[in-house]
Amino acid sequence: MDRDFEIEQTVLITDEEGRQHTFRLSDILEVRGRTYAVLLPATEDLDSEGVIFRLEENEEGIVAFVPVQDDVEWQEVESAYHRRLFEEDEE
């Protein structure tokens, strides 16, 4: 995926209990050949945390947000995201 775009998108996620949460798309990353979306809370609610989803395209070309549940995979993506933030701060 090309990263040369302005990210100003919001994503509505429904949790296991049926509650809806609004996130803003913070970044899209490539890690180990897979594509991930990093979503941060759209509001300044201190109880909310960011989430990471793996983006997977099906045969029809529809992209699904797949929750990252593996701790190692999560850490790799989180580290890549933090490195990118650090690089942008240096520019």
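Taken together, the values in this text are just the output of simple stated rules run on the coordinates, not laboratory data. Since this is a predicted model, take the numbers as computed values, not measurements. When we count neighbours, we look across all protein chains shown, and the Cβ atoms used for this are built from the backbone with ideal geometry, even at glycine.
Where the second residue is among the aromatic types (Phe, Trp, Tyr) and the first is surrounded by 15 or more Cβ atoms within 10 Å (Cβ to Cβ) and lies in region 64-79, which pairs have Cβ atoms under 8 Å and are six or more apart or on separate chains?
Within 8 Å, the pairs are Phe65/Phe53; Val68/Tyr36; Val68/Phe53; Val68/Trp74; Val77/Tyr36.
Mind listing whichever residues of region 26-63 are farther than 15 Å from Leu12 by Cβ, among the small types (Gly, Ala, Ser) and surrounded by 10 or more Cβ atoms within 10 Å (Cβ to Cβ)?
Ser26, Gly50, listed by residue number.
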